[in-house]
Amino acid sequence: MDQTERQTSAGNPAEVYESFFVPAMFAPLAALLLERMSPQPGDHVLDVACGTGIVARRAADMLGAGAHVVGLDPSPAMLAVARTVSATE
């Protein structure tokens, strides 16, 4: 599902979160966090309360194919969007 499709399905709060809040707020904050955290290949990253997984996705991108990155969230809807976005990014 691309960003346009997520925007048109405004009935799902997790999709609205990913479409609007992630680009506007959480992607820049994720970049700052990872810059300070400075994960290195071989590190393990645990993103607790990951929402739609922006920090986990960016960490996985930084660390490459052998990365050990896990995202946890109490909301099944957030995790469902995270899985969809991860598969399409």
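What order, most packed first, do the peptides 48-57, 21-30 have when packing is the mean number of other Cβ atoms within 10 Å of each residue? Can you show the working numbers first?
Values: 48-57: 21.1, 21-30: 14.3.
Result, highest mean Cβ count within 10 Å first: 48-57, 21-30.
Give the relative contact order (percent, whole number) for the chain; include only Cα pairs under 8 Å separated by 6+ residues.
Contact order relative to length: 29 percent.
Return the Cα extents of the chain along principal axes one, two and three, sorted largest first, each rounded to a whole Å.
The Cα atoms of the chain stretch 39, 22, 22 Å along the principal axes, largest first.
Could you report the chain's accessible area per residue, 1.4 Å probe, as an integer in Å²?
Working: 5380 Å² over 89 residues.
Value returned for the chain: 60 Å² of accessible area per residue.
Mind checking the angle between helix 54-63 and the chain's longest principal axis? C-alpha axes, 0 to 90 degrees, to the nearest 10.
So the inclination is approximately 40 degrees.
The values are calculated or read from the model by the stated rules, or taken from the named source; none is laboratory data. What you are looking at is a predicted structure, and each value in this text was computed from that prediction instead of being measured. Positions of Cβ are generated from backbone atoms using ideal geometry, with glycine treated the same way; all protein chains shown enter the neighbour counts. We work out accessible area using only protein heavy atoms, side chains counted, and drop any ligands, DNA or RNA first. Shrake-Rupley method; radii C 1.70, N 1.55, O 1.52, S 1.80 Å.
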